[in-house]
1. Restricted to segment 191-213, and to residues that are at pLDDT 75 or above and either in contact with a strand residue (DSSP E or B) (Cβ under 7 Å, 6 or more places away or on another chain) or among the small types (Gly, Ala, Ser) (or both), which residue is farthest from VAL99 (Cα to Cα)?
2. Under the condition of being surrounded by fewer than 20 Cβ atoms within 10 Å (Cβ to Cβ) and not hydrophobic (A, V, I, L, M, F, W, C), which residue from segment 104-118 is farthest from ILE197 (Cα to Cα)?
3. Considering only segment 87-103, I want to know if a residue exists there that is touching a residue at least 40 places away in the same chain (Cβ under 8 Å), surrounded by fewer than 14 Cβ atoms within 10 Å (Cβ to Cβ) and within 26 Å of LEU264 (Cβ to Cβ).
4. What are the residues in segment 143-165 that are of a type outside the set (A, V, I, L, M, F, W, C), surrounded by 14 or more Cβ atoms within 10 Å (Cβ to Cβ) and in contact (Cβ under 8 Å) with a residue 12 or more places away in the chain, if any?
5. Among the residues of segment 119-141, are any on the phi > 0 side of the Ramachandran plot and either touching a residue at least 12 places away in the same chain (Cβ under 8 Å) or surrounded by fewer than 19 Cβ atoms within 10 Å (Cβ to Cβ) (or both)?
6. Do the conditions hold for CYS127, that is, is it closer than 25 Å to ASN153 by Cβ and not aromatic (Phe, Trp, Tyr)?
7. In segment 138-186, how many are of a type in the set (Gly, Ala, Ser), within 15 Å of the chain's Cα centre (by Cα) and not in a helix (DSSP H, G or I)?
8. Name the pairs: first residue in segment 234-247 and farther than 13 Å from ILE80 by Cα, second residue of a type in the set (Asp, Glu) and buried (at least 18 other Cβ atoms within 10 Å of the Cβ), Cβ to Cβ under 9 Å, at least 6 apart or on different chains?
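The values are calculated or read from the model by the stated rules, or taken from the named source; none is laboratory data. Just so it is clear, the structure is predicted and the values come from calculations on it, not from any experiment. Cβ sites come from the backbone with ideal geometry, for glycine too, and all protein chains shown count toward neighbours.
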Amino acid sequence: MEQENKITIKEESYMASVWKEFRKNRSAVAGCVILILIILLAVGADVIAPYDPYEQNYVDALQWPSMKHLFGTDEFGRDIFSRVLYGARISLMVGVVSVAISCVCGCILGASAGYFGNFYDACVMRCMDVLLAIPSLLLNISIVSALGSGVFNMMLAVGISNIPRYCRIMRASVLQIKSIEYVDAARTAGGSSRWIITRHIIPNCLAPIIVQATLSVGSAIIACAGLSFIGVGISAPTPEWGAMLSNGRDFLRGYSYITLFPGLAIMVTVLALNLMGDGLRDAFDPKLRR
């Protein structure tokens, strides 16, 4: 019991030190606050949005921003502010779920490859090299074209293209940790490979994975918006930021606001995630602490 209490106290003190270092980074805290605000707006879109994002009103079509329509209206008279709010739900969900898919699959493959090594390690890493050799946009388009357009297929495509990134990070961390004394002690005590990997190795490799996941959510949002922009992702009339950019590109000259606000939403969200990810990286790495 005393040993478990010491371990708990040590883990709590480590996380407390990480949080303390994170709070010192004003940019990271600002990014965290902005991200929380965006999440709250997305969750409360049903209450905050003044109009139905799908409702068409041709009388109010192509209206510039005003008190009646804060972000203006599109060519169908739909309120852009409402569509941006509802689009935040889809974009955040797609970013988080796609990163979760790549993170889970990549961590499992990387941890097993680094722990077992030999032929299995070579096979896994060569498969990852093949995926890395294919441009991510081309791979995403190929997967979505094969499976069909839709939210889930787009998340799956972006998740598969990012698996090698997590696999390589996890494998490198496992190769450093698996030769440490407590892993050898667990192996000598008769612990199974699954128990050693899940109980002793993976928990000690989570710091770089958490940082990478935070940074990857922004990249996933941009990737999904890009797929929707070229017409192979989420299709109209679903309110999604990339699809909104695609629909408004024909009105750039006279009605630039149609693409301005979805573009700003993507920029602010990705910026907040990157600031937060940089702060987590500095907080988890003692060498980068101020």
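1. ALA207
2. ASN118
3. no
4. SER149, GLY150, GLY159, SER161, ASN162, PRO164, ARG165
5. Scanning segment 119-141, I find no residue that is on the phi > 0 side of the Ramachandran plot and either touching a residue at least 12 places away in the same chain (Cβ under 8 Å) or surrounded by fewer than 19 Cβ atoms within 10 Å (Cβ to Cβ) (or both), so the answer is no.
6. The answer is yes for CYS127.
7. Total meeting the criteria: 0.
8. ILE234/GLU240
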